[in-house]
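J.: Can you read through this structure? Questions will come right after.
The values are calculated or read from the model by the stated rules, or taken from the named source; none is laboratory data. If you're wondering where the values come from, they're calculated on a predicted model, not measured in any experiment. Every residue, glycine as well, gets a Cβ built from its backbone with ideal geometry; the counts of neighbours run over all protein chains shown. Calculation scope for accessible area: heavy atoms of the full protein, side chains included, ligands and nucleic acids excluded. Shrake-Rupley method; radii C 1.70, N 1.55, O 1.52, S 1.80 Å.
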Amino acid sequence: MILMEFDLSQAEARAVAWYCGDEGLKAGFKQKVDVHCQRAAMIFGYSYDEFYNTYKSGDEYSNNLRFFAKIIVHAVNYDASARTVNNTLKTHGVYKKESEVKVLVAQIHEAFPGIRQYQWAVQNQLKINRTLVTAKGMRRYFYSKLDSNTFRRAYAFLPQCTVAEITNDAIVESRHPIEALGGFILLQVHDSILIEVPKEHKETAYNIVTSSLMKPLTVYPFFGEPDELIIP
């Protein structure tokens, strides 16, 4: 028996881009680049190819810059304050001035205006009926006061829930075929599935789970055209 892990690639950031409907934000994913490396290159003034090649070579400094960019990506997507971002960076040993973080956040919003449009649309939807619905049909009613904390939870709900729905649906679809091979689905953690399967069925198991995970999902953004999301 062997263990196999299936981990969706940059799943949450990808889902955010599709819900934002921002073509510039989606472009990196459609071009199959490492979006966190792309953002790090943009922030620190490198070409993408230069930065990505250095990162893939195992360079520790580039790896730290990519991690920094990843924190910034999620912070901007969910409208975390510059102070919150700065405190998060400090816990990972990255020290910046709060004013520097504000400049970075402003640059990203300027480059990808769909993020702010998405956040505004989520706020407006909550003011109408307090309800958000994912692309797969999961509904959530927000009971709490409509303040900045509630809005930030709402921004995160659509992409985070969608990723979990994709993973959970794949588990349901894959379970019986994997068990027919003599294997088991052991664990699911948000965007990751861990299975155990006889070694001789590795390729079959791989095809079963990946085909279940990578089904096209049509996302209807608040602004922009509907688009099929496939998370590799």
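J.: Does segment 51-72 contain any residue that is under 16 Å from A156 (Cβ atoms), open to solvent by less than 70 Å² (accessible area, probe 1.4 Å), assigned to a helix (DSSP H, G or I) and of a type in the set (S, T, Y)? Steps first, please.
T.: As a first pass, look at segment 51-72 and keep what is under 16 Å from A156 (Cβ atoms): 70-72.
Within this subset, residues satisfying the condition of being open to solvent by less than 70 Å² (accessible area, probe 1.4 Å) are 71-72.
Now narrow it down to the ones that are assigned to a helix (DSSP H, G or I): 71-72.
Going one step further and asking which of them are of a type in the set (S, T, Y), we end up with none.
For segment 51-72, residues under 16 Å from A156 (Cβ atoms), open to solvent by less than 70 Å² (accessible area, probe 1.4 Å), assigned to a helix (DSSP H, G or I) and of a type in the set (S, T, Y): absent.
J.: Then there's this: In segment 1-37, how many residues are open to solvent by 60 Å² or more (accessible area, probe 1.4 Å) and more than 30 Å from L194 (Cβ to Cβ)? Spell out the reasoning first.
T.: We begin by selecting, within segment 1-37, every residue open to solvent by 60 Å² or more (accessible area, probe 1.4 Å); these are 1, 3, 5, 7, 23, 30-32.
Filter again for more than 30 Å from L194 (Cβ to Cβ), leaving 23.
The qualifying residues number 1.
J.: Continuing with this model, one more query. Restricting attention to segment 146-181, which residues are within 18 Å of W18 (Cα to Cα), among the small types (G, A, S) and in contact with a helix residue (DSSP H, G or I) (Cβ under 9 Å, 6 or more places away or on another chain)?
T.: Answer for segment 146-181, where residues must be within 18 Å of W18 (Cα to Cα), among the small types (G, A, S) and in contact with a helix residue (DSSP H, G or I) (Cβ under 9 Å, 6 or more places away or on another chain): A154, A156.
Conditions (1) polar (S, T, N, Q); (2) more than 19 Å from the chain's Cα centre (by Cα), marked per residue:
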{"position": "T54", "(1), (2)": "yes, yes"}
{"position": "T88", "(1), (2)": "yes, no"}
{"position": "K96", "(1), (2)": "no, yes"}
{"position": "V101", "(1), (2)": "no, yes"}
{"position": "L104", "(1), (2)": "no, yes"}
{"position": "D147", "(1), (2)": "no, yes"}
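J.: Those residues that are aromatic (F, W, Y) and more than 21 Å from Q38 (Cβ to Cβ), I need them from segment 93-151; list them, please. Show your work before the answer.
T.: If we filter segment 93-151 for residues that are aromatic (F, W, Y), which is where we start, we get 95, 112, 118, 120, 141-143, 151.
Hits for segment 93-151 are Y95, W120, Y141, F142, Y143, F151.
J.: While we're here: Can you name the residue in segment 189-203 that is of a type outside the set (K, R) and surrounded by fewer than 16 Cβ atoms within 10 Å (Cβ to Cβ) and is also nearest to P232 (Cα to Cα) among such residues?
T.: Filtering segment 189-203 down to residues of a type outside the set (K, R) leaves 189-198, 200-201, 203.
Now restrict to residues that are surrounded by fewer than 16 Cβ atoms within 10 Å (Cβ to Cβ): 189-190, 192, 194, 198, 200, 203.
Details: V189: 16, H190: 15, S192: 12, L194: 16, P198: 24, E200: 24, E203: 17 Å.
Checking each candidate, the answer is S192.
J.: Return the residues of segment 1-50 that are under 21 Å from K102 (Cα atoms), among the aromatic types (F, W, Y) and outside any loop (DSSP other than H, G, I, E, B); say none if nothing qualifies.
T.: Answer for segment 1-50, where residues must be under 21 Å from K102 (Cα atoms), among the aromatic types (F, W, Y) and outside any loop (DSSP other than H, G, I, E, B): just F44.
J.: Only residues in segment 94-106 that are closer than 18 Å to R66 by Cα and free of Cβ contacts under 8 Å to residues at least 40 places away in the same chain count as the first member; pair them with residues that are charged (D, E, K, R) and open to solvent by 80 Å² or more (accessible area, probe 1.4 Å), Cβ under 9 angstrom, at least 6 apart or cross-chain, and list the lot.
T.: K96/K90; V101/R83
J.: If I filter segment 85-93 for residues that are surrounded by fewer than 15 Cβ atoms within 10 Å (Cβ to Cβ), modelled with pLDDT under 85 and either in a loop (DSSP other than H, G, I, E, B) or of a type in the set (A, V, I, L, M) (or both), do I get at least one hit?
T.: Of the residues in segment 85-93, the ones surrounded by fewer than 15 Cβ atoms within 10 Å (Cβ to Cβ) are 87, 90-93.
Remaining after also requiring modelled with pLDDT under 85: 87, 90-93.
From the residues that got through so far, the ones that are either in a loop (DSSP other than H, G, I, E, B) or of a type in the set (A, V, I, L, M) (or both) too are 92-93.
The answer is yes, given that some residue of segment 85-93 is surrounded by fewer than 15 Cβ atoms within 10 Å (Cβ to Cβ), modelled with pLDDT under 85 and either in a loop (DSSP other than H, G, I, E, B) or of a type in the set (A, V, I, L, M) (or both).
J.: Count, please, the residues in segment 211-232 that happen to be in contact with a strand residue (DSSP E or B) (Cβ under 7 Å, 6 or more places away or on another chain), surrounded by 14 or more Cβ atoms within 10 Å (Cβ to Cβ) and not in a strand (DSSP E or B).
T.: The first filter runs over segment 211-232 and keeps only residues in contact with a strand residue (DSSP E or B) (Cβ under 7 Å, 6 or more places away or on another chain), leaving 213, 216-219, 226-229.
Right, trim to surrounded by 14 or more Cβ atoms within 10 Å (Cβ to Cβ) and you get 213, 217, 219, 227, 229.
Then keep just the ones that are not in a strand (DSSP E or B); that gives 213.
Summing the residues that are in contact with a strand residue (DSSP E or B) (Cβ under 7 Å, 6 or more places away or on another chain), surrounded by 14 or more Cβ atoms within 10 Å (Cβ to Cβ) and not in a strand (DSSP E or B) in segment 211-232 gives 1.
J.: With the condition kept exactly as written, say whether any residue in segment 38-47 is at positive phi, open to solvent by 30 Å² or more (accessible area, probe 1.4 Å) and of a type outside the set (G, A, S). Reasoning before the result, please.
T.: Here is the first cut: in segment 38-47, the ones at positive phi are 45.
Filter once more, so that each one left must be open to solvent by 30 Å² or more (accessible area, probe 1.4 Å): 45.
After this cut, where a residue has to be of a type outside the set (G, A, S) as well, the list is none.
No, there is no match, as no residue in segment 38-47 is at positive phi, open to solvent by 30 Å² or more (accessible area, probe 1.4 Å) and of a type outside the set (G, A, S).
J.: A further question follows. Any residue at all in segment 162-179 that's outside any helix (DSSP H, G or I) and surrounded by 16 or more Cβ atoms within 10 Å (Cβ to Cβ)? Spell out how you get there, then give the answer.
T.: Step one: of segment 162-179, the residues outside any helix (DSSP H, G or I) are none.
No, that holds for no residue.
J.: Now, a different point. Looking at segment 146-156, which of its residues are in a helix (DSSP H, G or I), open to solvent by less than 90 Å² (accessible area, probe 1.4 Å) and charged (D, E, K, R)?
T.: Within segment 146-156, just R152 meets the criteria.
J.: Could you list, in sequence order, all residues of segment 108-145 that are of a type outside the set (G, A, S), under 18 Å from V16 (Cα atoms) and in a loop (DSSP other than H, G, I, E, B)?
T.: If the condition is that a residue be of a type outside the set (G, A, S), under 18 Å from V16 (Cα atoms) and in a loop (DSSP other than H, G, I, E, B), then F112, P113, T134, K136, M138 are the ones that fit.
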